[in-house]
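The next block holds one structure in the form of structure tokens; read it before the comments.
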Amino acid sequence: MAAVGASELLLKSVKSIAVRFCPFEPNVRHVREFLDIINSKKIRSSNANCDIAVDVRHDRSEPHVDILFADGERLVIKGPNVTSKEMLSALNVKCASKNLQVKDSGKK
């Protein structure tokens with residue numbers, strides 16, 4: 001599972017990731033898988049300054065992931081109907097575009 005899109009994921013442009021879920025709800029599997037993949041040593045080492053916060057609640061709330069980028073932009077993924085693969089893909093696309101923007105601005 002971790003090989004899906006995670007092998008090239010770099011968190012260079014990510015400032016923080018906040019994951020919130022109620023562990024007793026049936027629809028949290030994919031958010032927990034996403035959290036497990038993001039916490040892998042390889043991905044964490046791509047940005048040691050990226051803060052990963054987990055908010056476990058017992059309030060029947062929907063699971064969601066809130067990603068804050070270094071430039072202030074936010075990506076919020078609501079998790080009940082999204083797979084971990086789709087979450088990783090969305091994060092990977094956004095990170096790749098941010099990293100490309102940084103490279104382009106550095107060349108000018």
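The values are calculated or read from the model by the stated rules, or taken from the named source; none is laboratory data. None of the values given here were measured: they were computed from a predicted structure. Counting neighbours? That spans all protein chains shown, and the Cβs are built from the backbone with ideal geometry, glycine included.
The table that follows gives values for the structure above.
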quantity	calculated
Qualifying strands (runs of 3 or more DSSP E) (wholly inside the range 25-108; at least 3 residues being in contact with a strand residue (DSSP E or B) (Cβ under 9 Å, 6 or more places away or on another chain), surrounded by 11 or more Cβ atoms within 10 Å (Cβ to Cβ) and touching a residue at least 40 places away in the same chain (Cβ under 8 Å))	64-69
Matching residues in the range 34-61 - criterion: being basic (Lys, Arg) and touching a Lys or Arg at 6+ places or on another chain (Cβ under 8 Å)	Arg57
Residues being modelled with pLDDT under 95, within 17 Å of Ala96 (Cα to Cα) and of a type in the set (S, T, N, Q) - total across the range 1-36	2
